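*Asks:* One structure coming up, written as structure tokens, with questions to follow.
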Amino acid sequence: MTTDPLVIFTPSGKRGHFPVGTPILTAARQLGVDLDSVCGGRGICSKCQIAPSYGDFPKHGVTVREGALSDWNAVEDRYDRVRGLKPGRRLGCQATVQGDIVVDVPPESQVHRQVVRKAASTRAITMDPATRLVLVEVVEPDMHEPSGDFERLQAALRDQWQIDSVTAPLSVLQKLQPALRKGNWQVSVALHQPAHSDSFHVLDVWPGLHEGGLYGLAIDLGSTTIAAHLCDLADGRVLASSGLMNPQIRFGEDLMSRVSYAMMNPGGDREMTQAVQQAIATLATEIAAEGGIDPRLIMETVIVCNPVMHHLLLGIDPVELGQAPFALATSGSLTLSARDIGLTTIAPAAQVYLLPCIAGHVGADAAAVALSEEPDQADQLTLIVDVGTNAEILLGDKTGVLACSSPTGPAFEGAQISAGQRAAPGAIERIEIDPLTKEPRFRVIGCDLWSDDPGFTEATKDTGVTGICGSGIIEAVAEMRMAGLLDASGLIGGPEATGTPRCEPTGRTFAYLVHDATATGGPRITVTQGDIRAIQLAKSALYAGARLLMDKRGVDRVDRVVLAGAFGAHISPKHAMVLGMIPDATLDNVTSAGNAAGHGARIALCNREARQRIERIVRRIDKIETAIEPRFQEHFVNANAIPHATDPFPELAKIAPLPQVAFGASGSAPGGEGGRRRRRG
């Protein structure tokens, strides 16, 4: 066994042992980690910036101690003096391995940057924002009737707009007198009225008629990605949508890993809070620039997130969420000052609204999905699955709604997959396997051509074919099952049993070769037995959660299945059903809702009454805690089979009859049948 230090890269999850003194950039290149460098490791370009993490990482089985990387050197010092490095950053070409280390590769250091796919929905929203603009004429001061400018502003709002009970923060009071005098006693006032209040809060004032607009942010704060939509509060238009990777990934890819990090490392929760607050502040600045507005005109932000992210955003230790009874510090909606969560890049008096959480593991993001998709108004029994690192599941109709969460892990995001990567140009996102020849064809992000189309090589010369993202690995596994390369238990067959040399031996198991570009210096992309197992575990958790809600409802079938979330929007319903991610249903009744959580956040941003409505809905939702339900484990085990060990899938059989194949441990058919395979039909 090697005694060389272990180097673990996030968010890819790739790891390997390297001798002491190995530059991090070298380790990244040998592991195929997406770490940029233009200058050849001379410390000039700064493209290879990395963020090392220290402390206990139970998920990775390592403790990272101070001194795990070489000391800050003269090259880094010179670069920092001249151009500046963000706090905690190192240059991957200069920092060398000295001990076990966890290294995060930030988005700007990745050659193939992630495509954050949480695009805004185009569905109409009824406008009734909590923040609006009014123009008032204020009486000039009078020596004979002394009163303050703000008191006369209050009187003007009462007389001209019938608005009582108005307050203002110090930042507004500091601007008020100059604004009144410059505007010849006319001012535009940005007023905010919380959902359950008759009082108003002045967020800003401008001299005369303000024509620069008022804007808001709808933010979907996910475990893996943070997506934001910049909206015009006058008409709800989306001016820009943007996103970035959640920097907390370096502390753990899944939620429980982050809770563990907080448990094992004193101050770890504060580290994670600071990281995510800084990321949101940066995102606000970037999206304002993209939308062509002054960020100080962003008056309001609505945020939806899961409970662990909710607590970490607010600076609340999430440890209680890692152990029964999974108690939240607060489950109700919150209205806060943006400054309370470190959001200092927008209007000084800007407000933040957080939707209510449903339960200890079912968060405000699930509430936003309920607001967007309205299962409580449905005539048909509807299953809504928000697919992500932590899947949230809703089942209901007009008679009632059930909710639970299921820990699917990061495999659906491309993590824990041998050739997996985030959704970025060059990543395989679609795949088909010919059931007769067993040959694959695929499409990559950034190119509309299939790999066997003329011109594919030329069209992808800039990005190459770099790996497989989440939607691609789901289709790959499902296609392997339909092509007879994979049996119901998830075993990959050998070349004799499957009839193709693409099924290659890898130790005691086999892997399916999708793409080999080693002749031109590119990667060799395979689907390994370990990849199959990671997908089986993720999809089993998802299915078990859905099946548990069906048990509680006393049904074996649902009428509709809605796939929500950025990832859900890119899943093929047919392949999801072949894999057994979702219960059997008529394929026409399996639809995508896109980023339903993000749309719910936009509804809450643009409609004050919607905030009251979702707060009522959440109180009526029945919460099911999968961690204490005995049948969850039973459903999980049965769902390990592809598509399922016991539940029938009659609708699936109509559209995709699956070959009856079974492979032994050696990859051959049982009983030494070699290349003979049993097929149904």
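The values are calculated or read from the model by the stated rules, or taken from the named source; none is laboratory data. Treat the numbers as computed from the prediction; the structure is a model and nothing was measured. Every residue, glycine as well, gets a Cβ built from its backbone with ideal geometry; the counts of neighbours run over all protein chains shown. Surface areas here come from the heavy atoms of the whole protein model, side chains and all, with no ligands, DNA or RNA. Shrake-Rupley method; radii C 1.70, N 1.55, O 1.52, S 1.80 Å.
*Asks:* Quick check on segment 38-61: of everything there that is surrounded by 16 or more Cβ atoms within 10 Å (Cβ to Cβ), in a loop (DSSP other than H, G, I, E, B) and on the phi > 0 side of the Ramachandran plot, which residue is modelled with the lowest pLDDT?
*Replies:* Here the answer is Gly41.
*Asks:* Check whether at least one residue in segment 630-646 is without any contact (Cβ under 8 Å) to a residue 24 or more places away in the chain, farther than 14 Å from Ala366 by Cβ, of a type in the set (Ser, Thr, Tyr) and open to solvent by 20 Å² or more (accessible area, probe 1.4 Å), and report yes or no.
*Replies:* The answer is yes; a qualifying residue exists.
*Asks:* Filter segment 16-37 down to the residues that are basic (Lys, Arg) and either part of a loop (DSSP other than H, G, I, E, B) or crowded, with 18+ Cβ neighbours inside 10 Å (or both) and list them by number.
*Replies:* Going residue by residue through segment 16-37, those that are basic (Lys, Arg) are 29.
If the condition is that a residue be basic (Lys, Arg) and either part of a loop (DSSP other than H, G, I, E, B) or crowded, with 18+ Cβ neighbours inside 10 Å (or both), then no residue fits.
*Asks:* Continuing with the same structure: All but one of (1) of a type in the set (Gly, Ala, Ser); (2) buried (at least 20 other Cβ atoms within 10 Å of the Cβ); (3) in contact with a strand residue (DSSP E or B) (Cβ under 7 Å, 6 or more places away or on another chain) hold for Ala262; which doesn't?
*Replies:* For Ala262, the failing item is (3).
*Asks:* Another question, if that's okay. Output the residue which, of all residues in segment 311-330 that are free of Cβ contacts under 8 Å to residues at least 60 places away in the same chain and within 22 Å of the chain's Cα centre (by Cα), is farthest from Ala597 (Cα to Cα).
*Replies:* By that ranking, first place goes to Asp317.
*Asks:* Right, something else. Go through segment 608-629 and give me each residue that's open to solvent by 20 Å² or more (accessible area, probe 1.4 Å) and outside any helix (DSSP H, G or I).
*Replies:* Listed by number, the residues that qualify are Asp622, Lys623, Ile624, Glu625, Glu629.
*Asks:* Related question: Looking at (1) touching a helix residue (DSSP H, G or I) at 6+ places or on another chain (Cβ under 7 Å); (2) modelled with pLDDT of 85 or more; (3) of a type in the set (A, V, I, L, M, F, W, C), which is the one condition that is false for Val75?
*Replies:* Unmet condition: (1).
Every residue, every condition in (1) small (Gly, Ala, Ser); (2) on the phi < 0 side of the Ramachandran plot; (3) open to solvent by 10 Å² or more (accessible area, probe 1.4 Å), yes or no:
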{"residue": "Ala240", "(1), (2), (3)": "yes, yes, no"}
{"residue": "Asn246", "(1), (2), (3)": "no, yes, no"}
{"residue": "Ser257", "(1), (2), (3)": "yes, yes, yes"}
{"residue": "Asp294", "(1), (2), (3)": "no, yes, yes"}
{"residue": "Val304", "(1), (2), (3)": "no, yes, no"}
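*Asks:* Moving on to the next point. Those residues that are over 19 Å from Arg152 (Cβ atoms) and open to solvent by 20 Å² or more (accessible area, probe 1.4 Å), I need them from segment 180-208; list them, please.
*Replies:* Those that are over 19 Å from Arg152 (Cβ atoms) and open to solvent by 20 Å² or more (accessible area, probe 1.4 Å): Gln193, Pro194, His196, Ser197, Asp198.
*Asks:* Additional query: Among all residue pairs at least 6 apart or on different chains, which show Cβ distances below 9 Å where the first residue, located in segment 453-477, is without any contact (Cβ under 8 Å) to a residue 12 or more places away in the chain and the second is in a helix (DSSP H, G or I)?
*Replies:* Close Cβ pairs satisfying both conditions: Asp453/Ala459.
*Asks:* Another question, if that's okay. Across segment 150-191, which residue is nearest to Val138 (Cα to Cα) among those that are among the hydrophobic types (A, V, I, L, M, F, W, C) and part of a loop (DSSP other than H, G, I, E, B)? Before the answer, list the steps.
*Replies:* We begin by selecting, within segment 150-191, every residue among the hydrophobic types (A, V, I, L, M, F, W, C); these are 150, 153, 155-157, 161, 163, 166, 168, 170, 172-173, 176, 179-180, 185, 187, 189-191.
From what's left, part of a loop (DSSP other than H, G, I, E, B): 163, 168, 185.
Numbers: Ile163: 14, Ala168: 16, Trp185: 5 Å.
Only one residue fits best here, namely Trp185.
*Asks:* Now, a different point. Starting from segment 72-84, take each residue that is assigned to a helix (DSSP H, G or I) and list its partners that are modelled with pLDDT of 85 or more, counting only C-beta distances under 6 angstrom and pairs at least six apart or across chains.
*Replies:* If the second residue must be modelled with pLDDT of 85 or more, the pairs left are Val75/Gln94; Glu76/Leu91; Glu76/Gln94.
*Asks:* Can I ask one more? So, in segment 331-345, exactly how many residues are open to solvent by less than 10 Å² (accessible area, probe 1.4 Å) and either over 23 Å from the mean Cα position of the chain (by Cα) or free of Cβ contacts under 8 Å to residues at least 60 places away in the same chain (or both)? Quick ask: steps written out before the conclusion?
*Replies:* Of segment 331-345, the ones open to solvent by less than 10 Å² (accessible area, probe 1.4 Å) are 338, 341, 343.
Next, only the ones that are either over 23 Å from the mean Cα position of the chain (by Cα) or free of Cβ contacts under 8 Å to residues at least 60 places away in the same chain (or both) stay: 338.
Number of matching residues: 1.
*Asks:* Looking only at segment 456-466, decide whether some residue is open to solvent by less than 20 Å² (accessible area, probe 1.4 Å) and under 27 Å from Glu108 (Cα atoms).
*Replies:* Residues of segment 456-466 open to solvent by less than 20 Å² (accessible area, probe 1.4 Å): 456, 460, 465.
Retained after the next criterion (residues that are under 27 Å from Glu108 (Cα atoms)): 460, 465.
Yes, segment 456-466 has at least one match.
*Asks:* Looking at Glu137, is it at pLDDT 90 or above, within 14 Å of Trp185 (Cα to Cα) and in contact with a Phe, Trp or Tyr (Cβ under 9 Å, 6 or more places away or on another chain)?
*Replies:* In short, yes.
*Asks:* Hey, could you check segment 507-543 for residues that are in a helix (DSSP H, G or I) and polar (S, T, N, Q) and say which is farthest from Val444 (Cα to Cα)?
*Replies:* Of all residues in segment 507-543, those in a helix (DSSP H, G or I) come to 518-520, 529-543.
Going one step further and asking which of them are polar (S, T, N, Q), we end up with 518, 520, 529, 536, 540.
Details: Thr518: 18, Thr520: 18, Gln529: 23, Gln536: 23, Ser540: 27 Å.
Here the answer is Ser540.
*Asks:* Residue pairs, Cβ under 8 Å, 6 or more apart or interchain, first in segment 508-519 and over 19 Å from Glu432 (Cα atoms) and free of Cβ contacts under 8 Å to residues at least 40 places away in the same chain, second part of a strand (DSSP E or B) and open to solvent by 40 Å² or more (accessible area, probe 1.4 Å). List them.
*Replies:* Note: pairs meeting the criteria are Thr518/Arg524.
*Asks:* Condition first: surrounded by fewer than 24 Cβ atoms within 10 Å (Cβ to Cβ), small (Gly, Ala, Ser) and within 20 Å of Glu439 (Cβ to Cβ). Can you find one or more residues in segment 571-592 that meet it?
*Replies:* Looking for residues that are surrounded by fewer than 24 Cβ atoms within 10 Å (Cβ to Cβ), small (Gly, Ala, Ser) and within 20 Å of Glu439 (Cβ to Cβ), one finds at least one in segment 571-592, hence yes.
*Asks:* Which of the residues belonging to segment 324-356 are of a type in the set (Ser, Thr, Tyr) and over 16 Å from His196 (Cβ atoms)?
*Replies:* As a first pass, look at segment 324-356 and keep what is of a type in the set (Ser, Thr, Tyr): 330-331, 333, 335, 337, 344-345, 353.
Of everything in segment 324-356, those that are of a type in the set (Ser, Thr, Tyr) and over 16 Å from His196 (Cβ atoms) turn out to be Ser337, Thr344, Thr345.
*Asks:* Among all residue pairs at least 6 apart or on different chains, which show Cβ distances below 7 Å where the first residue, located in segment 381-406, is over 12 Å from Leu542 (Cβ atoms) and buried (at least 24 other Cβ atoms within 10 Å of the Cβ) and the second is among the polar types (S, T, N, Q) and at pLDDT 95 or above?
*Replies:* The qualifying pairs are Gly396/Thr382.
*Asks:* Please specify each residue of segment 505-523 satisfying the condition of being farther than 15 Å from Gly426 by Cβ and either open to solvent by 40 Å² or more (accessible area, probe 1.4 Å) or among the basic types (Lys, Arg) (or both). If you could, list the steps in order and put the result at the bottom.
*Replies:* Filtering segment 505-523 for residues farther than 15 Å from Gly426 by Cβ gives 505-513, 516, 518-519.
Matches in segment 505-523: Pro505, Thr506, Gly507, Arg508, Thr509, Asp516, Thr518, Ala519.
*Asks:* Please determine whether any residue of segment 408-418 is in contact with a strand residue (DSSP E or B) (Cβ under 9 Å, 6 or more places away or on another chain), of a type in the set (Phe, Trp, Tyr), open to solvent by less than 10 Å² (accessible area, probe 1.4 Å) and more than 30 Å from Arg443 (Cα to Cα).
*Replies:* There is no residue in segment 408-418 that is in contact with a strand residue (DSSP E or B) (Cβ under 9 Å, 6 or more places away or on another chain), of a type in the set (Phe, Trp, Tyr), open to solvent by less than 10 Å² (accessible area, probe 1.4 Å) and more than 30 Å from Arg443 (Cα to Cα).
*Asks:* Asp232 is checked against (1) open to solvent by less than 30 Å² (accessible area, probe 1.4 Å); (2) free of Cβ contacts under 8 Å to residues at least 24 places away in the same chain; (3) touching a helix residue (DSSP H, G or I) at 6+ places or on another chain (Cβ under 8 Å) and fails just one. What number does that condition carry?
*Replies:* Tallying (1) open to solvent by less than 30 Å² (accessible area, probe 1.4 Å); (2) free of Cβ contacts under 8 Å to residues at least 24 places away in the same chain; (3) touching a helix residue (DSSP H, G or I) at 6+ places or on another chain (Cβ under 8 Å), Asp232 fails exactly one: (3).
*Asks:* Oh, and also: Is it true that Leu312 is open to solvent by less than 10 Å² (accessible area, probe 1.4 Å), within 30 Å of Ile624 (Cα to Cα) and either modelled with pLDDT of 95 or more or part of a helix (DSSP H, G or I) (or both)?
*Replies:* Details: open to solvent by less than 10 Å² (accessible area, probe 1.4 Å): yes; within 30 Å of Ile624 (Cα to Cα): yes; either modelled with pLDDT of 95 or more or part of a helix (DSSP H, G or I) (or both): yes.
It is true that Leu312 is open to solvent by less than 10 Å² (accessible area, probe 1.4 Å), within 30 Å of Ile624 (Cα to Cα) and either modelled with pLDDT of 95 or more or part of a helix (DSSP H, G or I) (or both).
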